Amino acid sequence: MEHWYTLYTKPNAEYQVAAILRRRGIQTFLPEIESPHRRPKRRRRPFFPCYLFIRVDFERVGLSHVQWTPGLRRVVAFDDRPAPLPDTAIDLIQRKLEGLNAAGGLPAHTFQPGDTVRVTDGPLQGMLAIFDGPSTPSERVRVLLTFLGHARRAHVSAADLEKAPSDSQLPAHKRPRRTRGRGRRIRTTT
């Protein structure tokens, strides 16, 4: 009986693996999302980097027919048995991606380095931060949070940020030194 299975590929080899398996007569599903690009054209890229799905009957085809595909690292398995996915999971992914692509793909952020932002969701919700820049995946960004008196870098989803009102004040990063070391006080003139 045919089931959906997940394949884990080498980086940037999703399209290569999908093309080889299609030529072998295996049904593939590579979820793609439109990503904003600097040029007027939009380009599509894998929604799950390094992963794709196949529908196959391993009793009929044989696991080795898929396992030794160039660019493939492994078939996702538990206890050395390929883990089947329910058809409803693949249908849900397809529906959600259709909705995202119809809306123009993933939203791009408009923050500039140095902007004061507020975290709107997640464990850091409500905290103010300074926008630092994009992270490796384009949907995540770096922000600087003041936590326990020190500025700390955190990676959050760009969708979980909003521009903070101009009257928002970030806490000071450091308090001034009070000693020169070994208990010698710094005298300030006031």
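Miscellaneous remarks
- Between amide H atoms placed 1.01 Å from N, distances below 5 Å from Arg73 occur with Tyr8, Thr9, Lys10, all of them 5 or more places distant or on a separate chain.
- Spacing of the two label points (7 Å from each Cα toward its C-beta) at Asp115 and Lys163, in nm: 0.6 nm
- Residue-wise HN-Hα couplings along the range 59-66, as the Karplus relation 6.51 cos²θ - 1.76 cosθ + 1.60 with θ = phi - 60° gives them from phi, are 5, 8, 8, x, 5, 5, 5, 9 Hz; Gly and Pro carry x.
- Amide H contacts of Arg140: Ser135, Ala158, each under 5 Å away and 5 or more positions distant or on a separate chain (H built 1.01 Å from N in the peptide plane; Pro and chain starts excluded).
- Each label point was placed 7 Å from the Cα along the Cα-to-Cβ direction; for Cys50 and Met1 their separation is 3.2 nm.
- Couplings for the range 123-130, taken from phi via the Karplus curve 6.51 cos²θ - 1.76 cosθ + 1.60 with θ = phi - 60°, read x, 9, 3, x, 7, 8, 8, 9 Hz in order; Gly and Pro are left as x.
- Extending 7 Å from Cα along the Cβ direction at Gln27 and again at Ile90 yields two label points whose distance is 0.5 nm.
- Calculated log₁₀ intensity ratio I(q)/I(0) where the Debye formula runs over C-alpha points of the range 3-102, q = 0.12, 0.15 Å⁻¹: -0.41, -0.62
- Peptides 63-72, 88-97 ordered by packing proxy, namely the average of other Cβ atoms within 10 Å per residue, highest first: 63-72, 88-97.
The numbers here are math on the coordinates, done by the rules we state, and not lab data. Here the structure is a predicted model, which means the values were calculated and not measured. Here Cβ is always computed from backbone atoms with ideal geometry, including for glycine, and neighbour counts include all displayed protein chains.
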